Amino acid sequence: MQGLLIDPGSLPPGCEALRTEVRAFLAEAMADIPPARRNRNWSGASPEFSRMMGQRGWLGMTWPRRYGGQERSMLERYVVLEEMLAVGAPVGAHWVAERQSGPLLMRYAPDTLAPRIVPRIARGEAFFCIGMSEPDSGSDLASIRTQAQRHASGWVINGRKLWTSGAHRAHYMIALVRTQPRGESQAHDKGDNRHGGMSQFLVDMQTPGLTVRPILNQLGEHDFNEVTFDDVLVPHDNLIGAEGDGWKQVGAELAYERSGPERYLSSSQLLLEMLDEADPDDPRHAVALGRIVAHYGTLRQMSLGVAVMLSRGENPALAAALVKDQGALVEQAMPDVAHDLFGGRVTPGSTLDQSMRYTTLAVPSFSLRGGTREIMRGMIAKGLDLR
Ligand SMILES: Cc1cc2nc3c(=O)[nH]c(=O)nc-3n(C[C@H](O)[C@H](O)[C@H](O)COP(=O)(O)OP(=O)(O)OC[C@H]3O[C@@H](n4cnc5c(N)ncnc54)[C@H](O)[C@@H]3O)c2cc1C
């Protein structure tokens, strides 16, 4: 059996000074954001906040200067991310663009799209959404049906994307689509390759023929959408990477998507509320909350280890899947702990009450978004040579 060693690494000198700087910024920038809004954590979006982060050089921190980056280390970026998540800062507008779209464009369109678009991401001015899932394709992403056909004037896209978070405020989508019908691509492929014939495109969300319809989640909030493509014309230059390489590229994108500390730090507000309300004389409180804090400690070391792998240019997919799986488990248990400890005596309408209500309804999605629990565990088993 192949093992997995996650080197927790340690933060280089300078990180604590950066942390102090970020905390000072947050104390001021978050002063008017009430606890109830902090529950939204990285789903909460404020374009203005994103621009303020851009002005401070905290978006695209690790990117080359020619793309508007700061050429700082992955671990410095990690410090900024964890400080933002710890206080539920409204980072949702730029989150996808900074986490995965910018890196994808720099890797697969370094001389064409990246110089034009990526500096705007670093300034907090260009927001992205992820066009992967479709009505009948989620875990089985290879079964997507949205198609692009090559014409003299560009590629014409038809189809439908589903659960597209933030599409209503995004400037661009990176869409995974078929550039060869499924049967045809399989016929061309030797052996068992159902992953051929897919490509990624940069799609401007203002393009005629593209419609964004809201879908309310069970909290009643508008986060995700259905996006319909009806003869959407995309310039030839907007093909990202090589035609037919979409599957390989999307794998790299998903590794970025699953690798960050947001995979265990989405519910920090509830933990803070519980710690505030804890009864120091009740050993049940000490045990239950101590257990969560211990889980946080372990997850943080593992998550930092993922950042170390990224900084060394290693592929963190397996380690990231573990953090995502274990992070979701801890976060999904937190509302039960809260109800167990405080359920009978929480003041209706208090910040703890609001946090418990919000988190109870939010956490079921944590083991779905970014890849379901079963898919993560399949990846872990495969990575460890267990299947
Ligand atoms: C909050 C949220 C935000 C999202 N944002 C986006 C977004 O921005 N862009 C985007 O493209 N998508 C987004 N998604 C969609 C998300 O990626 C999909 O929901 C997810 O990939 C699962 O796909 P599905 O919903 O079609 O479920 P299915 O794939 O139909 O799965 C249903 C169930 O079957 C299980 N299952 C499926 N296949 C297997 C298998 N091979 N082995 C074992 N069990 C299996 C799954 O684990 C799951 O429990 C979002 C989802 C959520 C909840």
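The values are calculated or read from the model by the stated rules, or taken from the named source; none is laboratory data. In this text the structure is predicted, and so the values were computed from the model without any measurement. So basically every Cβ, Gly included, is an ideal-geometry build from the backbone, and we count neighbours across all protein chains shown. SASA here: full protein model, heavy atoms, side chains in, ligands and nucleic acids out. Shrake-Rupley method; radii C 1.70, N 1.55, O 1.52, S 1.80 Å.
Couple of notes before you dig in:
- Remark: pairs (first residue in the range 114-140, polar (S, T, N, Q); second residue open to solvent by 60 Å² or more (accessible area, probe 1.4 Å) and within 16 Å of the ligand (Cβ to nearest atom); Cβ separation under 7 Å; 6+ apart in sequence or on different chains) = S133/W163; S139/I375.
- Scoring E331 on the criteria (1) in contact with a Phe, Trp or Tyr (Cβ under 6 Å, 6 or more places away or on another chain); (2) surrounded by fewer than 20 Cβ atoms within 10 Å (Cβ to Cβ) leaves a single failure, condition (2).
- A search for C-beta distances below 9 Å between a residue of the range 250-279 that is more than 13 Å from G370 (Cβ to Cβ) and any residue that is in a loop (DSSP other than H, G, I, E, B) and open to solvent by 20 Å² or more (accessible area, probe 1.4 Å), counting only pairs 6+ apart in sequence or on different chains, returns A252/N315; S268/V87; Q269/R40; Q269/V87; L272/V87; E273/S350; E277/V346; E277/S350.
- Residue in the range 214-227 that is touching a helix residue (DSSP H, G or I) at 6+ places or on another chain (Cβ under 7 Å) and open to solvent by 40 Å² or more (accessible area, probe 1.4 Å) present: yes
- Within the range 145-180, considering residues that are closer than 14 Å to M132 by Cα, within 16 Å of the ligand (Cβ to nearest atom) and free of Cβ contacts under 8 Å to residues at least 60 places away in the same chain, the one surrounded by the fewest Cβ atoms within 10 Å (Cβ to Cβ): R145
- A252 fulfils the conditions (1) modelled with pLDDT under 95; (2) crowded, with 18+ Cβ neighbours inside 10 Å; (3) of a type in the set (A, V, I, L, M, F, W, C) except for a single criterion, (2).
- When residues of the range 282-328 are limited to those that are open to solvent by less than 40 Å² (accessible area, probe 1.4 Å) and outside any helix (DSSP H, G or I), the one farthest from I6 (Cα to Cα): D282
- Residue within the range 174-188 that is of a type outside the set (D, E) and within 27 Å of E48 (Cα to Cα) present: yes
- Which listed residue, of E16, E21, E48, is in a helix (DSSP H, G or I), closer than 25 Å to A362 by Cβ and out of contact with any strand residue (DSSP E or B) (no Cβ under 6 Å at 6 or more places or on another chain): E48
- Which numbered condition I157 misses (of (1) within 18 Å of S43 (Cβ to Cβ); (2) in a strand (DSSP E or B); (3) among the aliphatic types (A, V, I, L, M)): (1)
- Residues satisfying the stated conditions in the range 126-143, i.e. in a loop (DSSP other than H, G, I, E, B), within 8 Å of the ligand (Cβ to nearest atom), of a type outside the set (S, T, N, Q) and under 30 Å from Y67 (Cα atoms): M132
- Qualifying residue in the range 364-377 (condition: among the aliphatic types (A, V, I, L, M) and either away from the ligand (no atom under 16 Å from the Cβ) or not in a helix (DSSP H, G or I) (or both)): yes
- Number of the exception - V234 against (1) farther than 22 Å from D136 by Cβ; (2) among the hydrophobic types (A, V, I, L, M, F, W, C); (3) open to solvent by 60 Å² or more (accessible area, probe 1.4 Å): (3)
- L4, sole failed condition from (1) at pLDDT below 95; (2) part of a helix (DSSP H, G or I); (3) not hydroxyl-bearing (S, T, Y): (2)
- Checking each residue in the range 100-136 for being open to solvent by less than 10 Å² (accessible area, probe 1.4 Å) and over 19 Å from R258 (Cα atoms) picks out A109, L113, A114, I117, V118, I121, A122, G124, A126.
- Which listed residue is open to solvent by 70 Å² or more (accessible area, probe 1.4 Å) and either modelled with pLDDT under 95 or more than 27 Å from L361 (Cβ to Cβ) (or both), from E257, E243: E243
- Filter result for the condition that a residue is modelled with pLDDT under 95 and in a helix (DSSP H, G or I), over W95, W42: W42
- Against the conditions (1) more than 21 Å from S43 (Cβ to Cβ); (2) in contact with a Phe, Trp or Tyr (Cβ under 7 Å, 6 or more places away or on another chain), L384 satisfies every one except (2).
- Among the residues of the range 278-297, those that are over 12 Å from V337 (Cβ atoms) and under 31 Å from the mean Cα position of the chain (by Cα) comprise A294, Y296, G297.
- Any hit, the range 185-196, residues being at pLDDT 95 or above, exposed (fewer than 15 other Cβ atoms within 10 Å of the Cβ) and not aromatic (F, W, Y): no
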